[in-house]
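Since the structure comes first, as structure tokens, the remarks are kept for the end.
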Amino acid sequence: MTVTLLRAWWLPLEVENGAWVRFGVGVISLGFIMLSRLLNSFHTPSKQETTIFMARSAVSGVLYILLTLFSVLIPIPAGGITPEILNHVYPDRGSGIWEEEPQRALAAGAIYFFILGLFELMVSGGALNERSKEEATQI
């Protein structure tokens, strides 16, 4: 399976006409998540780090649910995604709203990562600065 996934990664259309690509991306993403969790298991977080992690997880979950809901309920302009381009890039798509109007998923994803990035800068960045100040005073 590893060889198939590597072939699908380097030559995506040569493995079952690209059918492995979505599965391979999912497996690789899951692998990175599991590796991150494994590496973090060797580190005991401080109370402040635990609080930041819990806040980040809560914001991430709520933001995902809200943006998914909004992307389905609020009309989003197609922009440059024309039916011709969509039929060429994704000809055998399903009948769901994100398959028929992919700009909804793209907008939700872009807004999600933008807001999550701002949250990281505001919360985690401030905590890191406070920790570096504490370490500097201890030296």
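Annotations
Here's the yes/no breakdown for (1) assigned by TED's automatic domain parsing to the domain that holds residue 105; (2) modelled with pLDDT of 85 or more:
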{"position": "7", "(1), (2)": "no, no"}
{"position": "13", "(1), (2)": "no, no"}
{"position": "25", "(1), (2)": "no, no"}
{"position": "28", "(1), (2)": "no, no"}
{"position": "32", "(1), (2)": "no, no"}
{"position": "38", "(1), (2)": "no, no"}
{"position": "50", "(1), (2)": "yes, no"}
{"position": "60", "(1), (2)": "yes, yes"}
{"position": "67", "(1), (2)": "yes, yes"}
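- So residue 116, is it under 30 Å from residue 52 (Cβ atoms), surrounded by 10 or more Cβ atoms within 10 Å (Cβ to Cβ) and in contact with a helix residue (DSSP H, G or I) (Cβ under 9 Å, 6 or more places away or on another chain): yes
- Among helices (runs of 4 or more DSSP H) entirely within segment 55-124, having at least 3 residues that are within 17 Å of the chain's Cα centre (by Cα) singles out 102-119.
- Qualifying residues in segment 46-78 (those that are touching a residue at least 12 places away in the same chain (Cβ under 8 Å) and of a type in the set (Ser, Thr, Tyr)) - the one farthest from residue 121 (Cα to Cα): 71
- All of 93, 56, 37 fail the test of being exposed (fewer than 11 other Cβ atoms within 10 Å of the Cβ) and among the basic types (Lys, Arg), apart from 37.
The values are calculated or read from the model by the stated rules, or taken from the named source; none is laboratory data. Note that the structure is predicted; figures quoted are calculated from it, not measured. Reconstructed Cβ throughout: ideal geometry from the backbone, glycine too, with neighbour counts over all protein chains shown.
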